[in-house]
Amino acid sequence: MPHEAIPILRVSDAPVSAQWYQRLGFQEDWRHQHEPGFPWFISISTAAGATLFLTEHSGDCEPRGSVFLVTSNIVALESSLNMRAELMPWGDTEFVLTDPDGNRIRVSQPGSG
């Protein structure tokens, strides 16, 4: 049985994207390139355990993906990103941003109910 799922996002410049995701608390774990000039594949993660793979390989996934991130402190992210979260009808607080490659990143803090 699977014990972890890691979303893969198609990006045009994985090192630049990895840097962009630092705004959400991600840090680069490792990167792989078969040889110089070939596409990059980079793993990024947060201290809390969220992981994303960023790939420049055209066959790995489609461009303009989407990721749903769950946080326990949306107020801190709102402040650092200059975003405004909305209270959703189901009680969660959320905002959406788009990375430089058009991938939608939805950030949510579960409601207390």
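The helix-only estimate of mean residue ellipticity at 222 nm for the chain, built from DSSP H runs of length n ≥ 4 each weighted as -39500 (n - 2.57), is -3500 deg cm²/dmol after division by the residue total. Taking other residues whose beta carbon is less than 10 angstrom from the beta carbon of Ser66, and scoring Lys, Arg as +1 and Asp, Glu as -1, yields +3.
Overall size of the stretch 50-113 from C-alpha positions, given as principal axis extents largest first: 41, 24, 20 Å. Computed on protein heavy atoms with a 1.4 Å probe, the accessible areas place His34, His57 in the order His34, His57, largest first. Remark: the Ser112-Asn73 segment gains 12.8 nm on full extension, using 0.36 nm per residue and subtracting the alpha carbon distance. Per residue, the chain exposes an accessible area of 63 Å² to a 1.4 Å probe, with every protein chain left in place. In a DSSP loop and with at most 13 other Cβ atoms within 10 Å, the GluC sites (Glu not before Pro) in the stretch 1-65 are Glu4. Applying the Kirkwood pairwise sum to the alpha-carbon positions of the chain produces a hydrodynamic radius of 15.0 angstrom. When the accessible area of the chain is computed with all protein chains present and a 1.4 Å probe, what percentage of it is carbon and sulfur? Taking all protein chains in place, the chain shows 51 percent carbon and sulfur surface. Spin-label model, Thr51 to Ser66: label points 7 Å out along the Cα-to-beta-carbon direction sit 2.5 nm apart. Summing charges over neighbours of Gly102, with a neighbour being any other residue whose Cβ is under 12 Å away from its Cβ, gives 0 when K and R count +1 and D and E count -1. Of the residues Ala76, Ala50, Ala85, which exhibits the maximal mean-square fluctuation in a Gaussian network model of the chain defined by a 10 Å Cα contact cut-off? Of Ala76, Ala50, Ala85, the most mobile in the Gaussian network model is Ala76.
The values are calculated or read from the model by the stated rules, or taken from the named source; none is laboratory data. What you see is a predicted model, and the numbers here were worked out from it, not measured in a lab. Every residue, glycine as well, gets a Cβ built from its backbone with ideal geometry; the counts of neighbours run over all protein chains shown. Ligands, DNA and RNA are excluded from the accessible area calculation, which covers all protein heavy atoms including side chains. Shrake-Rupley method; radii C 1.70, N 1.55, O 1.52, S 1.80 Å.
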